[in-house]
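The values are calculated or read from the model by the stated rules, or taken from the named source; none is laboratory data. These figures come from a predicted structure and were not determined experimentally. Cβ coordinates were reconstructed from backbone atoms using ideal geometry, including for glycine residues, and neighbour counts include every protein chain displayed. Protein only, heavy atoms only, side chains kept; ligands, DNA and RNA dropped before computing areas. Shrake-Rupley method; radii C 1.70, N 1.55, O 1.52, S 1.80 Å.
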Amino acid sequence: MTIDDLRKKLDMINGKGYKAYKDIQGEYDFGNFKLYIDYVQGDPFATPSRIRVRVPQKIAGFDSELYKNPSRKLALEDFLARSVFDVIKTLPVVKGTGHSGDIYIDKGGQEIIKRTAMVVTEEYVEARLSIGLPAFGRRINSKGAMTMLLDFIPKIVDKGLLKKNLNLNNIWQWVKTVEDADYLRSKLKERHLVAFVADGSILPRESGVSDKPLKNEHVVPFQSPDSLRVEFDLPNRGKITGMGIPEGVTLIVGGGYHGKSTLLQAIQRGVYNHIPGDGREFVITVADAVKIRAEDGRRVEKVDISPFINNLPNKIDTTRFSTENASGSTSQAANIVEAMEIGTGLLLLDEDTSATNFMIRDARMQQLISREDEPITPFIDRVKQLYEDNGISTILVMGGSGDYFDVADCIIKMHNYKPYDVTCQAKEIAQRFRTNREIEAQTKKITIKPRLPLKNGLDVRGKKVKSRDTDTIKYGYEEIELDYVEQLVDKSQTSAIAEIIRYAAERYVDGKSSLKQIVDKVYQDINSKGLDVVSPFYGKHPGNLALPRPQEVSAALNRLRSLTVK
Ligand code: ADP
Ligand code: MG
């Protein structure tokens, strides 16, 4: 169909009930691009309609150098989504009821994450938008719709998606930054590092509710201690220096308010790439790092927390521990075991969000409460073993207990937002002031028994799954609370997780596959067919999805109250 066909259809339905908008669903040739009206909302107050614009690469004009590898392609797609967003902001608003006049693209925040909003291939560039088709009351406003579809959309394509109208330097900056960041992350392992924080990085954020960099005269750019400084040679930027955090057990110590948590938070976000100007572009962490915290109240389904917790009152079995309402310590133990089950090489803990009794039991307490009366093997007695037996490193913020000096390989002190390597000093103190703690761990290696999820409890056929915000998924009748899954950073990731769980339940949950095997199978599909594949609208506008990590998918499954495992 042509633009004229669309104009005629819109003319015909002017003033009719909103549902008549359904007549414009279909594919239209605009000459320079194609418009796909995939799904039309039934009501001006309902979720906006979904449309796509597809521009042939011949017209869009992006050189294959800009998307020749996965890092570059991700960067270019991210850049274009933001560029479309910027054009939308300049457009006047067509007024009306409900969502009338809305135009939206899912462009993401400070992170650069694979998302379904934009697709670049050798053949075309495709943007996936949501628009609120305009109405007066519940009657169709065709004139407004013509403005949006026949005037605004071509403008968006022209100014937002054609290389000739974009700033090529900015595009290259995006592409080079992401490529360098991915390269650096891929090199951490061979250098036996778990994280890198570049000299000059800006770690603090504007506020507790804004993820933008803090900008004022008091901001202290990151500067590595000499003893921990490492250098990388990046493909685009060349040499870069910064603090390399080695594998093993690392402690971040220092007085209150000296920047400990800020450093750890930057490291936990370092599993993602960041936009140029964020300040954390080269704060890079191994991709499978997991933030661990206490999370009392969460549900736990048959997790073997016995490496940390044994002999609970009433002879509760901790090798297959289930509860609807975990305590601080049992939730933290479950979080670690679940992270190990899906796979992780680095645990991140902050004393601010940990259960004290899970972290430490000092010598005096050991005297007062005998080993037999204390179910918890504190983390201090497992942390070294986790590295030596399981290859899992830990970075731990601990300003409150020097007992950890005995088990740490590297100790970094934050002072006035600057890091100092105090490993030797702390070890010397540990020699002088013996704690006389007894080590409480049994020497047995921690092994993880895979759990096999059952279909029952995951099946939501005929019911809805959706996410309201970053922290909640409505899964059929169940609600999954993700407030404490800190490395989930984008609402569209949460939406993707909801789709992934449904997709997995329909295809791969069979009572014989382990949770990890199931998640791995979904990621194989995503790798071969794209993230669109998990959407029920595969082949059309798949909705606004952004790629979560397997760790967060698993975290959501584990918090689903209807999950049952064999
Ligand atoms: P701690 O965990 O050591 O108590 P935080 O990391 O919570 O301290 O930091 C305390 C405050 O200092 C926060 O408001 C944070 O934004 C700010 N801050 C952290 N790092 C810097 C920095 N490099 N420059 C300026 N302010 C910072
Ligand atoms: Mg803190």
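Against the conditions (1) surrounded by fewer than 16 Cβ atoms within 10 Å (Cβ to Cβ); (2) more than 16 Å from ligand 2 (Cβ to nearest atom), Thr344 satisfies every one except (1).
At least 3 residues that are within 15 Å of Arg191 (Cα to Cα) in each: list the strands (runs of 3 or more DSSP E) lying fully within segment 202-244 that qualify. So that I can check it myself, show each step before the final result.
On the way: elements: 205-207, 210-213, 229-234.
Answer list for segment 202-244: 229-234.
Note on segment 55-69: among residues that are within 28 Å of the chain's Cα centre (by Cα) and without any contact (Cβ under 8 Å) to a residue 24 or more places away in the chain, the one that is most open to solvent (accessible area, probe 1.4 Å) is Lys68. Candidates Gly279, Gly270: the one that is at positive phi, within 16 Å of ligand 1 (Cβ to nearest atom) and surrounded by 20 or more Cβ atoms within 10 Å (Cβ to Cβ) is Gly279. Looking at segment 6-23, can you tell me whether even one residue there is modelled with pLDDT of 95 or more and within 34 Å of the chain's Cα centre (by Cα)? No, the conditions are met nowhere in segment 6-23.
Does Thr318 count as of a type outside the set (Gly, Ala, Ser) and surrounded by fewer than 24 Cβ atoms within 10 Å (Cβ to Cβ)? Break it down stepwise before answering.
Values: of a type outside the set (Gly, Ala, Ser): yes; surrounded by fewer than 24 Cβ atoms within 10 Å (Cβ to Cβ): yes.
Answer is yes for this residue.
Of the helices (runs of 4 or more DSSP H) lying entirely inside segment 93-196, the ones with 1 or more residues being under 26 Å from Leu545 (Cβ atoms) and aromatic (Phe, Trp, Tyr) are found at 168-187. For segment 215-235, the criterion of a residue being within 28 Å of Thr344 (Cα to Cα), crowded, with 20+ Cβ neighbours inside 10 Å and either within 12 Å of ligand 1 (Cβ to nearest atom) or without any contact (Cβ under 8 Å) to a residue 12 or more places away in the chain (or both) is satisfied by at least one position.
Of all residues in segment 242-263, those that are touching a Ser or Thr at 6+ places or on another chain (Cβ under 7 Å) and open to solvent by 20 Å² or more (accessible area, probe 1.4 Å) total 1. Select from segment 256-267 the residues that are in contact (Cβ under 8 Å) with a residue 24 or more places away in the chain and either among the β-branched types (Val, Ile, Thr) or part of a loop (DSSP other than H, G, I, E, B) (or both) and write down the one among them that is farthest from ligand 1 (Cβ to nearest atom). Going through the qualifying residues, I end up with Ile267. Screening Arg52 with (1) without any contact (Cβ under 8 Å) to a residue 60 or more places away in the chain; (2) open to solvent by less than 30 Å² (accessible area, probe 1.4 Å) gives one miss only, at (1). Close Cβ contacts (under 8 Å, 6 or more residues apart or on different chains) running from residues in segment 23-39 that are basic (Lys, Arg) to residues that are open to solvent by 60 Å² or more (accessible area, probe 1.4 Å) comprise Lys34/Glu27; Lys34/Arg54. Does any residue of segment 253-271 turn out to be more than 16 Å from ligand 2 (Cβ to nearest atom) and either modelled with pLDDT of 95 or more or farther than 28 Å from Arg382 by Cβ (or both)? Scanning segment 253-271, I find at least one residue that is more than 16 Å from ligand 2 (Cβ to nearest atom) and either modelled with pLDDT of 95 or more or farther than 28 Å from Arg382 by Cβ (or both), so the answer is yes.
Okay, residues lined up against (1) within 16 Å of ligand 2 (Cβ to nearest atom); (2) more than 30 Å from Glu217 (Cβ to Cβ); (3) open to solvent by 60 Å² or more (accessible area, probe 1.4 Å):
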| site | (1), (2), (3) |
| --- | --- |
| Asn390 | no, yes, no |
| Gly402 | no, yes, no |
| Val407 | no, yes, no |
| Lys413 | yes, no, yes |
| Asn416 | yes, no, yes |
| Val422 | no, no, no |
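Answer yes or no as to whether Asp106 is among the charged types (D, E, K, R), out of contact with any Leu (no Cβ under 7 Å at 6 or more places or on another chain) and either under 22 Å from Ala46 (Cα atoms) or buried (at least 20 other Cβ atoms within 10 Å of the Cβ) (or both). So Asp106 fits the description; yes. Considered as a group, the residues in segment 483-503 that are under 17 Å from Val290 (Cβ atoms) and not polar (S, T, N, Q) include one that is surrounded by the fewest Cβ atoms within 10 Å (Cβ to Cβ), and that residue is Asp483.
Collect the residues in segment 193-221 that are of a type in the set (A, V, I, L, M, F, W, C), more than 24 Å from the chain's Cα centre (by Cα) and modelled with pLDDT under 95, keeping them in residue-number order. Don't jump to the end; show me each part of the working.
Step one: list which residues in segment 193-221 are of a type in the set (A, V, I, L, M, F, W, C), which gives 193-198, 202-203, 209, 214, 219-220.
Going one step further and asking which of them are more than 24 Å from the chain's Cα centre (by Cα), we end up with 219-220.
Result: no residue meets the conditions.
For the condition of a type in the set (Val, Ile, Thr), farther than 30 Å from Ala498 by Cβ, outside the structural domain of Gln493 (by TED's automatic domain parsing) and within 16 Å of ligand 2 (Cβ to nearest atom), what is the one hit in Ile360, Ile395, Ile429, Ile380? Quick ask: steps written out before the conclusion?
Values: Ile360 fails: within 16 Å of ligand 2 (Cβ to nearest atom); Ile429 fails: within 16 Å of ligand 2 (Cβ to nearest atom); Ile380 fails: within 16 Å of ligand 2 (Cβ to nearest atom).
On inspection, the qualifying residue turns out to be Ile395.
The lone criterion from (1) surrounded by 18 or more Cβ atoms within 10 Å (Cβ to Cβ); (2) more than 26 Å from Gln551 (Cβ to Cβ); (3) away from ligand 1 (no atom under 16 Å from the Cβ) left unmet by Lys239 is number (1). Scan segment 185-192 and give yes if some residue there is surrounded by 16 or more Cβ atoms within 10 Å (Cβ to Cβ) and hydroxyl-bearing (Ser, Thr, Tyr), otherwise no. Checked against the condition, which is being surrounded by 16 or more Cβ atoms within 10 Å (Cβ to Cβ) and hydroxyl-bearing (Ser, Thr, Tyr), segment 185-192 yields no hits at all. Scan segment 459-474 for residues that are open to solvent by less than 40 Å² (accessible area, probe 1.4 Å) and farther than 23 Å from Glu295 by Cα and the total you get is 2.
In segment 61-68, is there at least one residue being under 29 Å from Lys163 (Cα atoms) and basic (Lys, Arg)? Taking every residue of segment 61-68 in turn, at least one turns out to be under 29 Å from Lys163 (Cα atoms) and basic (Lys, Arg).
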